[in-house]
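Heads up: the structure comes next, in structure tokens.
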């Protein structure tokens, strides 16, 4: 198969994959600083977000790159998030990297940088300082009115409370660190 044929097939596949993203709207975000950005802060970006100083949106899918501070405020984000400061308040799956990389929601993937922090999730942290907080509550420890949603293992999760009423904090310096959804790794 010639290089031209391969290039045409790759272009066709890329166009087919990108069409649903464009149809959902707001595929590209360009930002100097918020609110000087194309997509408003209260909207998600479906393909690529690029920033110079600071940008803020509810979620980003696929590529999130910045020279400054990239922040998502609560929607599910996925792909790569690379910036000087990468901050995600919602769920994230993929690779989050920066001098500071913080994820406040459920995290699945790789975090790398000078300081990495994840509240709850599964994956690998690779940085100078890595922290993780686990906020897992088992059903027998909850009152019926306090129950959070159950995950696939039957455990209930509720932000702000750990097994003993406070998060179990762990700190690891200068190392690779595997994080799991609970302290016991279950």
query: Just a yes or no: is a residue in region 76-83 within 21 Å of residue 111 (Cα to Cα), in a loop (DSSP other than H, G, I, E, B) and either at pLDDT 95 or above or over 14 Å from the mean Cα position of the chain (by Cα) (or both)?
result: yes
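Being in contact (Cβ under 8 Å) with a residue 40 or more places away in the chain, closer than 20 Å to residue 123 by Cα and either in a strand (DSSP E or B) or in contact with a helix residue (DSSP H, G or I) (Cβ under 6 Å, 6 or more places away or on another chain) (or both), is that true of even one residue in region 54-71?
So in region 54-71, the residues in contact (Cβ under 8 Å) with a residue 40 or more places away in the chain come out as 61-62.
Then keep just the ones that are closer than 20 Å to residue 123 by Cα; that gives 61-62.
Filter once more, so that each one left must be either in a strand (DSSP E or B) or in contact with a helix residue (DSSP H, G or I) (Cβ under 6 Å, 6 or more places away or on another chain) (or both): 61-62.
The answer is yes, given that some residue of region 54-71 is in contact (Cβ under 8 Å) with a residue 40 or more places away in the chain, closer than 20 Å to residue 123 by Cα and either in a strand (DSSP E or B) or in contact with a helix residue (DSSP H, G or I) (Cβ under 6 Å, 6 or more places away or on another chain) (or both).
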query: What is the residue count in region 29-42 for residues that are in a loop (DSSP other than H, G, I, E, B) and out of contact with any strand residue (DSSP E or B) (no Cβ under 6 Å at 6 or more places or on another chain)?
result: 3
query: Only one residue in 45, 60 is crowded, with 17+ Cβ neighbours inside 10 Å and over 13 Å from the mean Cα position of the chain (by Cα). Which one?
result: 45
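The values are calculated or read from the model by the stated rules, or taken from the named source; none is laboratory data. None of these values were measured; they are calculated from a predicted model. As a convention, Cβ positions derive from the backbone with ideal geometry for all residues, glycine included, and neighbour counts pool all protein chains shown.
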